[in-house]
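Throughout, read-outs are computed from the coordinates displayed, never taken from laboratory work. All values derive from a computational prediction rather than experimental measurement. Reconstructed Cβ throughout: ideal geometry from the backbone, glycine too, with neighbour counts over all protein chains shown.
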Amino acid sequence: MSKSIQIKVGDKIPDFSLKDQHGDTLNIEDYLGNKKLVIFFYPRDGSLNCTRQACYFRDIYDLFEETGAEVVGISEQSVESHSHFAKTNNLNYHILSDTENEVRKLFGVPARVLGLIKGRVTYVVNLKGEVVYIFDSQTNTQKHVDEALRIVMLLKKTDHIEASI
């Protein structure tokens, strides 16, 4: 059994492509250099905490857009499951289907509770594709969103400083 790597702050994110809730392929490389990324891995469509997290990202998505960030959720359910989850909750960002957990393994997102529950980890990625922040909490779903927004707002300020130099 191959051991997954653990992405850390400062690491470049791996290149990957997955289908979203519409069945369209999202190539993460298309965003690098154009958008900051908030990539959140969550355990399961429709569970109470996952729905809370997804809906909170939805509710303040426009703030992420204002900072030049794209929000991307990833879990192992099918495109059909994601489609239902997104429609039911009016989600306005990409939910990617990682049915084989390949991208989860590329990032090294851990499993919890004897490996039975998939981990909940959020990564904030700068324009260069480097991880600048990681938040790992199974239960504090609101803090995933709040922390991601705080970091992309800081990155937006840095963008302006770099552009004026």
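Tilt of helix 141-164 relative to the longest C-alpha principal axis of the chain, in degrees (0 to 90, nearest 10)?
30
In the chain, what percentage of the DSSP-assigned beta bridges are antiparallel, given to the nearest 5? Each step should come with its number before you reach the end.
Working: 18 of 28 bridges.
Looking only at bridges with both residues in the chain, the antiparallel portion is about 65 percent.
Report the calculated FRET efficiency for E102 and I60 (r = Cβ-Cβ distance, R0 = 25 Å), to the nearest 0.05.
Working: r = 29 Å, r/R0 = 1.18.
Step by step, r from the Cβ atoms, then E = 0.25.
Suppose R0 equals 25 Å; then what is the FRET efficiency for M153 and L116 from their Cβ-Cβ distance, rounded to the nearest 0.05?
Numbers: r = 36 Å, r/R0 = 1.42.
FRET efficiency, M153 to L116: 0.10.
What is the dipole size for segment 19-164, taken about its Cα centre, with +1 at each Lys and Arg Cβ and -1 at each Asp and Glu Cβ, in debye to the nearest 20?
Numbers: 17 positive and 21 negative charges, 102 e Å.
I would put it at about 500 debye.
Please work out how much length the chain gains when fully extended from S78 to R52, using 0.36 nm per residue of separation minus the C-alpha to C-alpha distance, in nm with one decimal. Don't jump to the answer; show the numbers that get you there.
On the way: separation 26, 0.36 × 26 = 9.36 nm, distance 1.97 nm.
Additional length available on full extension: 7.4 nm.
Counting only helical runs of four or more DSSP H residues, what would the 222 nm mean residue ellipticity of the chain come to if each run contributes -39,500 (n - 2.57) and the total is spread over all its residues?
Values: 5 runs with 58 residues, N = 165.
That comes out to -11000 deg cm²/dmol.
Roughly what would the spin-label model give for K87 and T25, points 7 Å off Cα along C-beta, in nm?
In this crude label model, K87 to T25 measures out at 2.5 nm.
Between beta-carbons, use under 10 Å as the cut-off and find the net charge around A111, counting Lys and Arg +1, Asp and Glu -1. Display every interim value, and only then the final one.
Numbers: positive: R104, R112, K118; negative: none.
Overall, the nearby charge balance is +3.
To the nearest 0.05, how large is the calculated FRET efficiency for N34 and T139 if R₀ is 35 Å and r is the Cβ-Cβ distance? Numbers along the way, then the final one.
Details: r = 33 Å, r/R0 = 0.95.
Rounded to the nearest 0.05, the efficiency is 0.60.
Once amide H atoms are built 1.01 Å from N in the peptide plane, which residues 5 or more positions from F16, or in another chain, come under 5 Å H to H?
Result for F16 returns I28, E29.
Taking springs between alpha-carbon atoms closer than 10 angstrom, which of L63, L127, L154 fluctuates most in the Gaussian network model of the chain?
L154
Specify whether the C-alpha gyration tensor of segment 13-73 places it in the rounded, prolate or oblate class, a ≥ b ≥ c being the square roots of the eigenvalues: rounded for a/c under 1.5, otherwise prolate if a/b is larger than b/c and oblate if not. Intermediate results must be reported in sequence, preceding the final value.
Numbers: a/c = 2.10, a/b = 1.25, b/c = 1.67.
Judged from the Cα gyration tensor, segment 13-73 comes out oblate (a/c at least 1.5, b/c at or above a/b).
What is the set of long-range amide H partners of N89 at a cut-off below 5 Å, with H atoms built 1.01 Å from backbone N?
It is none; the list stays empty.
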